[in-house]
Every structure is written in C-alpha cells, then in structure tokens.
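Asks: Questions regarding the structure given below will be posed in turn.
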Amino acid sequence: MNCIHKIEKVTKKISKKTCVRVDVLITFAYFTNKNEKMLIYLIGMPGSGKSTVAKKLAKKLKYSFYDLDNMIEKEIAMSISKYFERYSEEEFRNIEREMLHKSFKLSNAVVATGGGTPCFFDNISEINKHGLSIYLKASTALIISRLNVGQKAQRPLLSNYKTPEEMHLQLTNLYNGRKRFYEQAHITTAALSTNIDWIAKLALRSIN
C-alpha cells in the first residue's frame, strides 16, 4: 500500500473528530519517505496544551522537543514577561520571528509555538512551508480553567484582568483576532481529544 492510500485509510477513521487537509498530509508522507528532515509545529491559544501535546508527540515519534518560548528566553536572557515590561510587543515579535526561522534548521523535531507566533508577519505561511502544523482548538472555558491566577505573570497579553468576566472577554477578543491564522493549520484537532497516537501513527506509516 503506497503513502497516499495509507493516508486516505487512516484519515477516514478520524475524519469525524479531526479536520485534516489530506493534500498536505500526502506531502508530509512524501518528505518522510524521502528521509528528509521533518518538523511538526503545534499552534493555538495560550493554555490549549501545545507544550504538553508536543512533548508527548515527540516522545511517540522519537523526535526532539522544542518550546519556542524557551528558545526565545535563552536568546534574550530573561523571561518573556520581563521582556514585555522593558520593551514593546513589536520588538518581541521581531525576536520571535527570528527564532522561528532558526527552528526551520532543526531536523525531526516537534515545536510548541507561542500563542501569537502564527499571527504575525508571514509566520503561519512559513510554518506551513517548512513543516506540518497542528492547531489545538480549545474553548474559552477550557483555557480559563487552565490559566490560574499564578500564571498571569507568565502570559503578558492575558494579565490585565481582575475578574473572570474580564478574562473571558479578553480571551474572546484575543481569539477572534487570531482565529483566521490558526485555521490555516494543516490539521485542526480539539485540545481535549487530541489524537496523538493517530498523528504519530501517520508519520510512522508514511516512513515504513
């Protein structure tokens, strides 16, 4: 069974739960079959579970795991929240873009991006050009349940709220502005039911 048939067979099994662009997965299979470097990027709102899913997926595929925010903090020698306090978001996004482009040189890696990474410059187009993008779609209620008060300082764009109602409004506005970028991902899956086994199985079946 060739790669296209393998992908079509697997896709039919999960099409009810996951939105998949089959044409892109065929390209994904082509690259893995050629034993060229493979990059997988997790995108989505803060609190959607990108880092957690990326770690599990990397372990499943025996790939390296990278967190783009951690890469940025090593580059700037301070936390992102501190950087936002001292400098502008525009300056941060420029550095974020530079680090994203550096990640394109990685090989066989799963990268968890920042919530805003795909939403600036031509980042989402470049991500899709260099790797397989997976959007973890999470409801506002789920995100709020994951973002406790102690995490406010770690998320600069979600720190200016005093009540749950204000946080809900802030998240809704943020999501509405980012939605069109997230939806350009190759794969969209619900954050609560991300099928890591399926994604890993797709990669392995494409290679074998």
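The values are calculated or read from the model by the stated rules, or taken from the named source; none is laboratory data. What you see is a predicted model; the values in this text were computed from it and never measured. Every residue, glycine among them, receives a Cβ derived from its backbone with ideal geometry; neighbour counts consider all protein chains shown.
Asks: Can you find even one residue in the range 15-26 that is farther than 16 Å from Y135 by Cα, in a helix (DSSP H, G or I) and modelled with pLDDT under 65?
Replies: Yes, the conditions are met somewhere in the range 15-26.
Asks: Moving on. Can you say whether E96 is in contact with a helix residue (DSSP H, G or I) (Cβ under 9 Å, 6 or more places away or on another chain), assigned to a helix (DSSP H, G or I) and free of Cβ contacts under 8 Å to residues at least 12 places away in the same chain, as far as the supplied structure shows? Give the steps one after another, and end with the answer.
Replies: Details: in contact with a helix residue (DSSP H, G or I) (Cβ under 9 Å, 6 or more places away or on another chain): yes; assigned to a helix (DSSP H, G or I): yes; free of Cβ contacts under 8 Å to residues at least 12 places away in the same chain: no.
Spelling it out, it is not the case that E96 is in contact with a helix residue (DSSP H, G or I) (Cβ under 9 Å, 6 or more places away or on another chain), assigned to a helix (DSSP H, G or I) and free of Cβ contacts under 8 Å to residues at least 12 places away in the same chain.
Asks: Scan the range 109-126 residue by residue and report those that are assigned to a helix (DSSP H, G or I) and more than 23 Å from F65 (Cβ to Cβ). Walk me through it before giving the result.
Replies: Restricting attention to the range 109-126, the residues satisfying the condition of being assigned to a helix (DSSP H, G or I) are 117-119, 123-126.
Residue satisfying the conditions is S125 alone.
Asks: Working only within the range 53-79, note down all residues that are of a type in the set (V, I, T) and within 18 Å of the chain's Cα centre (by Cα). Give the derivation first.
Replies: Going through the range 53-79, the residues of a type in the set (V, I, T) turn out to be 53, 72, 76.
Those that are of a type in the set (V, I, T) and within 18 Å of the chain's Cα centre (by Cα): V53, I72.
Asks: Taking only the range 156-178 into account, find how many residues are at pLDDT 90 or above and either surrounded by fewer than 13 Cβ atoms within 10 Å (Cβ to Cβ) or not in a helix (DSSP H, G or I) (or both).
Replies: Residues in the range 156-178 being at pLDDT 90 or above and either surrounded by fewer than 13 Cβ atoms within 10 Å (Cβ to Cβ) or not in a helix (DSSP H, G or I) (or both): 4 in total.
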